[in-house]
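**Student:** A single structure is presented below for examination.
The values are calculated or read from the model by the stated rules, or taken from the named source; none is laboratory data. Computed from a predicted model, the values in this text were never measured in an experiment. Here the Cβ is made from the backbone with ideal geometry for all residues, glycine too, and neighbour counts use every protein chain on show. Each accessible area value is taken on the protein alone, full model and side chains, heavy atoms only, with ligands, DNA and RNA left out. Shrake-Rupley method; radii C 1.70, N 1.55, O 1.52, S 1.80 Å.
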Amino acid sequence: SSDYVLDATGASVTFGYPIDPVSRLSFGVGVNNTKLSIGTLPALQIKNFVDKYGEKFTNYELTAGWSRSTLNRGMFPTSGWRQGLSGEITVPVSDLQFYKLRYNSNLYIPLSSSHEFVFRMRNEWSYGSGFGDTSTLPFYENYFAGGINSVRGYENNSLGPKTTEQAQFANPDPFGGNLLFENSFEVIFPLPFIKDQSSMRMSYFVDTGNVFDTERDYYFDPTEIRWSTGLALQWNTFIGPLGF
C-alpha cells in the first residue's frame, strides 16, 4: 500500500581539518547503492521517475564543507554565531548525476549584560538539482519543511508542493522540493520562579519558511512563505533535550 520503499546501503569517509581555532574544512567520499520498490498506485511523479531512470542506482559522491562557530557554549548558548556551508555532488560515472548545496546559521545576540534575554536568528537555505543525463533531483533526495525543528505549528514535513495521484480518490501527500527556505527569529527570556536557568529556557518565536520545486514549476514566491508564532520551552533533561 506504500507509494514506495527505499533500500540503501553505502559507505563514506570524511576528513576534517581545522583552519583556525573556530573554523574547519571537511572533505568526504562515499558510495551508495539504492533500490526502489514502488507500490501498486504510486504518485505520478514517482512512476515517471522510475520509468525514466529505473529502480537500481549506484552513486559515487563527493562532499565538502566549511563551518565556523564562536558560540560561548554548546548547550543553550547565549552569544556567538555558528554557520556552515556544505555541498554534495555525484561524479559523472554514477547512475544518477545531481548536486546539493546547504547553508545554515545560528546567531545569538545577548540583549542584557547578564545574558538572561537573548535574540536568536536561525537560517537554513538549501538547493539541489540534477545535471548531465539526470534532469531533476531524485525525488527521495527532496527537502521537506514543517515541524518542531523547522516551521513550528505545522505537522512534520507537511509544507510544500503535493504529489499528483493516479487514483481518483487518493489524497495527495507532501512531496518536498529542491529548494528549501527557512528563517526563525526568537527572543529568549528566563522562566519565572525558576532559580536555576542553566537547564531550561523559554522563548517567543516567529518561524517562516517553505519548500519549492523549481523543476515542477513551483518557483520561489514570497506570498507562499508560511509562518507561525508562539512560545517554546526547551528543557535539557537527563535523557536528552526536550522541546515543547
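**Student:** By per-residue mean of other Cβ atoms within 10 Å, what is the highest-first order of 145-152, 15-22, 230-237, 85-92?
**Tutor:** 145-152, 85-92, 230-237, 15-22
**Student:** Share of region 174-244's accessible area from carbon and sulfur, percent, 1.4 Å?
**Tutor:** 68 percent
**Student:** Mind jotting down the distance between the C-alpha centroids of region 55-104 and region 175-244, whole Å?
**Tutor:** 20 Å
**Student:** Please label the shape of region 1-129 as rounded, prolate or oblate, based on the square roots a ≥ b ≥ c of the eigenvalues of the alpha-carbon gyration tensor (a/c under 1.5 means rounded; beyond that, a/b larger than b/c means prolate, else oblate).
**Tutor:** Cα axes put region 1-129 in the prolate bin.
**Student:** In addition: I'd like to know which of Phe193, Val151, Thr136 lies farthest towards the positive end of the charge dipole of region 102-226, counting +1 on Cβ of Lys and Arg and -1 on Cβ of Asp and Glu.
**Tutor:** Phe193
**Student:** Quote to one decimal, in nm, the extra length available between Glu155 and Thr70 on full extension: 0.36 nm per residue of separation minus the C-alpha distance between them.
**Tutor:** 27.4 nm
**Student:** Follow-up question, since we're still on this one. With a 1.4 Å probe and all protein chains left in place, how much accessible area per residue does region 1-153 have, in Å²?
**Tutor:** 55 Å²
**Student:** Based on the alpha-carbon gyration tensor of region 114-173 and its eigenvalue square roots a ≥ b ≥ c, which shape applies: rounded if a/c is under 1.5, prolate if not and a/b is larger than b/c, or oblate?
**Tutor:** Taking the square roots of the gyration eigenvalues as a ≥ b ≥ c, region 114-173 is oblate.
**Student:** Using modelled amide H (1.01 Å from N, peptide plane; none on Pro or chain starts), what sits under 5 Å from the amide H of Leu137, excluding residues fewer than 5 places away?
**Tutor:** For Leu137, the qualifying residues are Gly130.
**Student:** Can you list residues whose amide H is under 5 Å from Thr78's amide H, if they're 5+ apart or on another chain and H is modeled 1.01 Å from N?
**Tutor:** Here the answer is Asn72, Arg73, since their amide H atoms fall under 5 Å of that of Thr78.
**Student:** Then there is this: Using a/c under 1.5 as the rounded threshold, could you call region 99-218 rounded, prolate or oblate? The axes a ≥ b ≥ c are square roots of the C-alpha gyration tensor eigenvalues, and prolate needs a/b larger than b/c, oblate otherwise.
**Tutor:** prolate
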